[in-house]
1. Filter segment 135-146 for residues that are open to solvent by less than 100 Å² (accessible area, probe 1.4 Å), in a loop (DSSP other than H, G, I, E, B) and closer than 22 Å to residue 171 by Cα and give the result.
2. Just checking, how many residues over segment 93-120 are outside any strand (DSSP E or B), free of Cβ contacts under 8 Å to residues at least 60 places away in the same chain and surrounded by fewer than 20 Cβ atoms within 10 Å (Cβ to Cβ)?
3. Residue 166 versus (1) over 21 Å from residue 15 (Cβ atoms); (2) among the basic types (Lys, Arg); (3) loosely packed, with under 14 Cβ neighbours inside 10 Å: which is the lone unmet condition?
4. Enumerate the pairs (first residue in segment 147-163 and more than 24 Å from residue 73 (Cα to Cα) and open to solvent by 70 Å² or more (accessible area, probe 1.4 Å); second residue anywhere and among the aliphatic types (A, V, I, L, M) and assigned to a strand (DSSP E or B)) with beta-carbon separation below 6 Å, excluding pairs fewer than 6 apart on the same chain, so at least 6 apart or on different chains.
5. Within segment 52-65, is there a residue that is modelled with pLDDT under 95 and in contact with a helix residue (DSSP H, G or I) (Cβ under 6 Å, 6 or more places away or on another chain)?
6. Taking segment 72-92 as the region of interest, how many residues are without any contact (Cβ under 8 Å) to a residue 24 or more places away in the chain and closer than 30 Å to residue 175 by Cβ?
7. What are the residues in segment 147-178 that are in contact with a Phe, Trp or Tyr (Cβ under 9 Å, 6 or more places away or on another chain) and assigned to a loop (DSSP other than H, G, I, E, B), if any?
8. From the list 36, 17, which one is touching a residue at least 24 places away in the same chain (Cβ under 8 Å) and either out of contact with any helix residue (DSSP H, G or I) (no Cβ under 7 Å at 6 or more places or on another chain) or open to solvent by 90 Å² or more (accessible area, probe 1.4 Å) (or both)?
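The values are calculated or read from the model by the stated rules, or taken from the named source; none is laboratory data. Since this is a predicted model, take the numbers as computed values, not measurements. In this analysis, Cβ positions are derived from the backbone assuming ideal geometry, glycine residues included, and neighbour counts consider all displayed protein chains. Just so you know, the surface numbers come from the protein's heavy atoms only, side chains and all, with ligands and any DNA or RNA stripped out. Shrake-Rupley method; radii C 1.70, N 1.55, O 1.52, S 1.80 Å.
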Amino acid sequence: VGGLSLHPDGRLLACVAGRGLAAVDAAGRQSWLTQAEDQPLHCPTSVAAAADGTIFLSDGSSRHRPEDWLRDLMAKKHLGRLISCGPNLDRAKVLLRNLHYPQGVAVAADGRQLWFTESWKHRVSRVAVDGSSSAAQLMVRNMPGYPARLSRASRGGFWLSIFAQRTHLTEFGLREDE
């Protein structure tokens, strides 16, 4: 289990590697989202729910599971997606694709923007939650580490975790294709 979040109705939302997104109610009943647009969820990394019940999920890679993050980094692929679905884990659709390992997602306090991280590009971006724009707006770039989980802070803004510092050796290795 990776990313966790609470849904406004009290269910626990949990990202489960290789399986998808689980929603667990107080009685322990589970429902699952296992694919979006006919593609399985291999690498669910983070989940957030809006006040209206809409669920947003980051899928880090369509090829690698979360435990294979290093392989994904070294392969230099951008196979990540941002996905939205209804409160009942229905109507799953891909909001953005070809992302560089999105590992964090959070809904802004105003409920109109979805903020997300892209670890392999060292950046944080945002996009409108209503899908009115398919282009993400870059908010922070060239971070000194690999941004990961993102969560809304109680007094505004966000908490951001960085799971590893960028090093000269790693950056050098990434420039070499062989």
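1. From segment 135-146, those open to solvent by less than 100 Å² (accessible area, probe 1.4 Å) are 135-140, 143-146; that's our starting set.
Now restrict to residues that are in a loop (DSSP other than H, G, I, E, B): 135-136, 143-144.
Of everything in segment 135-146, those that are open to solvent by less than 100 Å² (accessible area, probe 1.4 Å), in a loop (DSSP other than H, G, I, E, B) and closer than 22 Å to residue 171 by Cα turn out to be 143, 144.
2. Residues flagged as outside any strand (DSSP E or B), free of Cβ contacts under 8 Å to residues at least 60 places away in the same chain and surrounded by fewer than 20 Cβ atoms within 10 Å (Cβ to Cβ) within segment 93-120 amount to 4.
3. (3)
4. Within 6 Å, the pairs are 152/106.
5. yes
6. Kept after step one, since they are without any contact (Cβ under 8 Å) to a residue 24 or more places away in the chain, are these residues of segment 72-92: 75, 77, 79, 90-91.
Of the ones still in play, those that are also closer than 30 Å to residue 175 by Cβ are 75, 77, 79.
Looking only at that region, the number is 3.
7. 153, 166
8. On the way: 17 fails: either out of contact with any helix residue (DSSP H, G or I) (no Cβ under 7 Å at 6 or more places or on another chain) or open to solvent by 90 Å² or more (accessible area, probe 1.4 Å) (or both).
After ruling out the rest, the residue left standing is 36.
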